[in-house]
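The values are calculated or read from the model by the stated rules, or taken from the named source; none is laboratory data. In this text, all values refer to a predicted model and were calculated from it rather than measured experimentally. As a convention, Cβ positions derive from the backbone with ideal geometry for all residues, glycine included, and neighbour counts pool all protein chains shown.
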Amino acid sequence: MIKSRVKKLILPAALMLLFVCPFIGLLLANADEVMSGGGYAVTGQLSETGYTSVVYDANNGLPTSDANYIYSADDGFMWIGGYSGIFRYDGSVFERLDATDGLTSGRVIFEDSSNRIWVGTNDNGVVMLDNGVSTHITYNEGLPSSSIRAFAEDNDGNIIVGSTAGISYIDKDNIVHTIDNEELNTKRIVRL
């Protein structure tokens, strides 16, 4: 009987807290500090939010109008991957990286725990950038496909690579290892 009365008292109190607390928070908040609007505010579709936006394309600085992937690295650079190459943005200048090192396109960009940048190209494998030195890894070095779609890093520092023909991983010595799983190696891996 006591348990029944406790349940009858707790349930209404919990429901009241659930519905009343958010409203109390809104009443106590300073109206000048509340920012709302999400994407509408950032794109300028809502006025007086304090946000502004700039669209970069081939007309105002970005050397291309396509961007497949945008990544913000720990060093502050923005990396943009497109079908026409890889670009690094420092906040004022877009720099096109040299395509002779394999950077022909960019489908996915990843930064590992050693702050190396990994670029997955649409049809030219993986390019790893480490302090100005690039390493180009393709199907010829053991990747299941040179069309790369995803990266991840495991606890041992291996870089897992998802491609249009399965998964492999690259160890710290840049040796490609295949994952022997028939089901995975017949799939297009787009996310890890």
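Values for this structure:
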| quantity | calculated |
| --- | --- |
| Qualifying residue in the range 129-136 (condition: in contact (Cβ under 8 Å) with a residue 12 or more places away in the chain and more than 18 Å from R88 (Cβ to Cβ)) | no |
| Residue match in the range 150-160 (condition: of a type outside the set (A, V, I, L, M, F, W, C) and closer than 12 Å to V126 by Cα) | no |
| D66 assigned to a loop (DSSP other than H, G, I, E, B), surrounded by fewer than 17 Cβ atoms within 10 Å (Cβ to Cβ) and at pLDDT below 95 | yes |
| Residue satisfying all of: in the range 76-130; hydroxyl-bearing (S, T, Y) and not in a loop (DSSP other than H, G, I, E, B); nearest to N59 (Cα to Cα) among these | Y89 |
| Hey, G61 at positive phi, in a loop (DSSP other than H, G, I, E, B) and modelled with pLDDT under 85 or not | yes |
| Residues of the range 131-145 that turn out to be surrounded by fewer than 20 Cβ atoms within 10 Å (Cβ to Cβ) and either on the phi > 0 side of the Ramachandran plot or part of a strand (DSSP E or B) (or both), as a count | 7 |
| Checklist (1) modelled with pLDDT of 95 or more; (2) out of contact with any helix residue (DSSP H, G or I) (no Cβ under 8 Å at 6 or more places or on another chain) applied to G125, failing item | (2) |
| Count - residues of the range 147-178 that are farther than 24 Å from A73 by Cα and either touching a residue at least 60 places away in the same chain (Cβ under 8 Å) or out of contact with any strand residue (DSSP E or B) (no Cβ under 6 Å at 6 or more places or on another chain) (or both) | 5 |
| Count of residues meeting criterion [over 17 Å from N115 (Cβ atoms) and crowded, with 20+ Cβ neighbours inside 10 Å] in the range 146-165 | 5 |
